[in-house]
Structures are given as C-alpha cells and as structure tokens.
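Report on one structure; see the data block that follows.
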Amino acid sequence: MKNCSNKSCKQQNPQQLHEFSKNNTAPDKLQWWCKKCQKERRETPEYKQKERERAKTPKRREKLKKWRATPSAIQRRKELTNTIEYKEVAKKRREIPEIKQAVKERSKTAKYKRISRGQQLKKFWPNCNGEQALANFDQLFAQQNGCCAICNRHQSEFEKSLEVDHCHKTGKVRGLLCHFHNKAIGLFQDNLILLDNAKDYLIKNS
C-alpha cells in the first residue's frame, strides 16, 4: 500500500501499488502521484502548454524523432489514423482557412514536391522508401541521358516528365519513356504480336 503525494488527491489513501506508475529514480521504484492524479494533471492547459514548450527543444525533438521511428509508435499511429473520430477531426482541421493556406504554400516548396514524387514512385519499387525510389529514378534518368528510351527525345521537349515503364505481369522496371510512348505500349497491352502486326501494317500501307 502507498499514499499519493498529491494533497488534492480525491482517491482513498493508502492505495494499492498497482495504482502507481513505475519510476526507476524513486526509492520504491514508483511514482509519487497515483495514476488518476497524473492523468488529471496531464489534461490541464498548463501541463499541455509546458509539454508544447518542451517539444520545441532540440534534445526533445531528437528524442521524439527516434521514438516515432519505433515499430510500436508506427503501429500506434496506424491504429489511431484509422479511427472514425480521428478522420472526422482531421477533416474539420483541413477546412480551417489558415491550415488550407499553409498546406497550399507547403505544396509549392521543392522539398514537398520531392517527397510527393518519391511517394508516387514507390509503387514501381515496393521494397524501397521514397528516397530510394527517387535514387533509382535518377539513376535510370542518368543512364538514358534524360531521354525517352524509344524516341530519344530529351525530357525538356515534353510538358510532362519521363514516366517509369514496367512490366504489368512481373512488375520489373524496364526504363523511362515519354508520356506518348508509355501510353502507346500500355494500349498494346505489352503484346509483341500486336506490335509486330502494327509494324507490318505501317510497312504495307506507307
């Protein structure tokens, strides 16, 4: 049994030990305040403001960054973002004019565009993250000298950037093509017989 050190504690003291959180720095390895008092304290505006100020310090930011990369934190975020309550709050927040303007301005930055591009390219390299997918794209771009693998025209001659061409059956990336030829191969369904027939047709009717 243990007494809560909070003078304003509303619980009946002494309490069972399981009502106190662990604290390795304390003599008895338990917190001085009971769990319910700590919970009430964390919900006060003063405590929340203090935590916001602590989160701005470099040491705290680095610690939070490491924690967010842990599997438990990632799983916790996934579970939270899939709840109906979270989606409703996020939707209302996105409708705030100041936030909508901030998101619009952020989307124009080079860093955001690069991150967004990396997320789009991840589908061609499923085992890579956004940065690795971008690196793979840049490597192909350098190998082809920035030109379409079929017409050899440089990317600067097109309104759109070169697109990743891949096999729809195996998922293997074949190279970079301009929008026109990437779409043409897709319309031919990667079928060599259809491509040969089209070649014969053009030779015969030219």
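The values are calculated or read from the model by the stated rules, or taken from the named source; none is laboratory data. If you're wondering where the values come from, they're calculated on a predicted model, not measured in any experiment. Methodologically, a virtual Cβ is constructed for each residue, glycine included, from the backbone with ideal geometry; neighbour enumeration extends over all protein chains shown.
Filtering segment 81-94 to residues that are in a loop (DSSP other than H, G, I, E, B) and either within 23 Å of Lys160 (Cβ to Cβ) or β-branched (Val, Ile, Thr) (or both) leaves only Thr83. One residue alone among Ser161, Ser107, Ser116 is within 15 Å of Asn182 (Cα to Cα), small (Gly, Ala, Ser) and either surrounded by 10 or more Cβ atoms within 10 Å (Cβ to Cβ) or not assigned by TED's automatic domain parsing to the domain that holds Leu195 (or both), and that residue is Ser161. Regarding Thr25, is this residue assigned by TED's automatic domain parsing to the domain that holds Ser5 and among the β-branched types (Val, Ile, Thr)? Yes; evaluated as a whole, the condition is true for this residue.
Scanning segment 46-80 for residues that are of a type outside the set (D, E, K, R), modelled with pLDDT of 85 or more and assigned to a helix (DSSP H, G or I) yields Tyr47, Gln49, Trp67, Pro71, Ser72, Ala73, Ile74, Gln75, Leu80. For residues that are farther than 22 Å from Arg42 by Cα and acidic (Asp, Glu), scanning just segment 80-95, find the one that is surrounded by the most Cβ atoms within 10 Å (Cβ to Cβ). Looking at the filtered set, the residue picked out is Glu88. Within segment 95-115, track down each residue that is closer than 21 Å to Ser161 by Cα, among the basic types (Lys, Arg) and either in contact with a Cys (Cβ under 7 Å, 6 or more places away or on another chain) or not in a loop (DSSP other than H, G, I, E, B) (or both). Listed by number, the residues that qualify are Lys111, Lys113, Arg114. Scoring Pro71 on the criteria (1) closer than 24 Å to Asp190 by Cα; (2) free of Cβ contacts under 8 Å to residues at least 40 places away in the same chain; (3) surrounded by fewer than 14 Cβ atoms within 10 Å (Cβ to Cβ) leaves a single failure, condition (1).
Residues considered: Asn145, Asn136, Asn129, Asn197. Of these, the only one that is polar (S, T, N, Q) and under 23 Å from Ser107 (Cβ atoms) is Asn129. Contact map, segment 30-45: first residue on the phi > 0 side of the Ramachandran plot and modelled with pLDDT under 90, second residue crowded, with 17+ Cβ neighbours inside 10 Å and among the charged types (D, E, K, R), Cβ cut-off under 8 Å, separation 6 or more or different chains; the map is empty. Filtered by the rule that a residue be under 37 Å from the mean Cα position of the chain (by Cα) and of a type in the set (A, V, I, L, M, F, W, C), segment 1-33 gives a lone residue, Phe20.
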